[in-house]
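Since the structure comes first, as structure tokens, the remarks are kept for the end.
Readers should treat all values here as calculations from the given coordinates under stated rules, not as data from a laboratory. None of these values were measured; they are calculated from a predicted model. All Cβ positions, even for glycine, are placed from backbone atoms using ideal geometry, and neighbour counts span all protein chains on display.
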Amino acid sequence: MKRLIVSLKTSDEILADFKKAFRKAKKGKLKKPHFEISFDNKGDFDRFVRNLDVLKYILVFKPRSIYELAKLTKIDVSNLNKVILFFQEVGALKVKTTKVSGRMVKMPIMEYDTVEFKLAA
């Protein structure tokens, strides 16, 4: 089971966490894979949370194309493409291009089973 942890941290905290993880990896002491997206910008974090339902639809319905996902979510395809691109840039999902009935189709793939939020004050 792959968990994605989403957090809101300052850039100094992100850098410190990276250094700590790098030291552990260098010594070979990493126990299990850790997947975390840390935002240092509240606007990007809010955008992630605002569009969380898109990730839910991908997890539950496993659509075969972005067009199919747009029909499920009732979101315009052009707006949905922007959301998908954002999630792809931050690493929350991947887009696989396949050929279906002679045309190229982009299929959103969520590699995580759960999304957790780590909001320590």
Anything in segment 31-86 that is farther than 26 Å from SER7 by Cβ, assigned to a helix (DSSP H, G or I) and of a type in the set (D, E, K, R)? List them, or say none.
GLU68, LYS71
Looking at the structure I just gave you, is ILE66 over 28 Å from GLU13 (Cβ atoms) and of a type in the set (A, V, I, L, M, F, W, C)?
yes
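Based on this model, can you work out whether LYS26 counts as out of contact with any Pro (no Cβ under 9 Å at 6 or more places or on another chain), loosely packed, with under 11 Cβ neighbours inside 10 Å and not in a loop (DSSP other than H, G, I, E, B)? Break it down stepwise before answering.
Values: out of contact with any Pro (no Cβ under 9 Å at 6 or more places or on another chain): yes; loosely packed, with under 11 Cβ neighbours inside 10 Å: yes; not in a loop (DSSP other than H, G, I, E, B): yes.
Criteria met by LYS26.
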In segment 73-121, the residues that are surrounded by 15 or more Cβ atoms within 10 Å (Cβ to Cβ), of a type in the set (Ser, Thr, Tyr) and farther than 21 Å from PHE39 by Cα:
THR73
What pairs can you find where one residue is in segment 7-20 and within 15 Å of LYS118 (Cβ to Cβ), the other is surrounded by 11 or more Cβ atoms within 10 Å (Cβ to Cβ) and of a type in the set (Phe, Trp, Tyr), and their Cβ atoms are less than 8 Å apart, with a gap of 6+ or different chains?
SER7/PHE39; SER7/PHE117; LEU8/PHE39; LEU8/PHE45; LYS9/PHE39
Which of the residues belonging to segment 87-108 are in a strand (DSSP E or B) and hydroxyl-bearing (Ser, Thr, Tyr)?
THR97, THR98
What is the number of the single condition among (1) touching a residue at least 24 places away in the same chain (Cβ under 8 Å); (2) under 25 Å from THR10 (Cβ atoms) that GLY43 does not meet?
(1)
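Which residues, taken from segment 34-82, are polar (S, T, N, Q) and within 15 Å of the chain's Cα centre (by Cα)? If you could, list the steps in order and put the result at the bottom.
As a first pass, look at segment 34-82 and keep what is polar (S, T, N, Q): 38, 41, 51, 65, 73, 78-79, 81.
Selection gives SER38, ASN51, ASN81.
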Determine if segment 52-73 includes at least one residue that is more than 24 Å from PHE117 (Cα to Cα), in contact with a strand residue (DSSP E or B) (Cβ under 6 Å, 6 or more places away or on another chain) and of a type in the set (S, T, N, Q).
yes
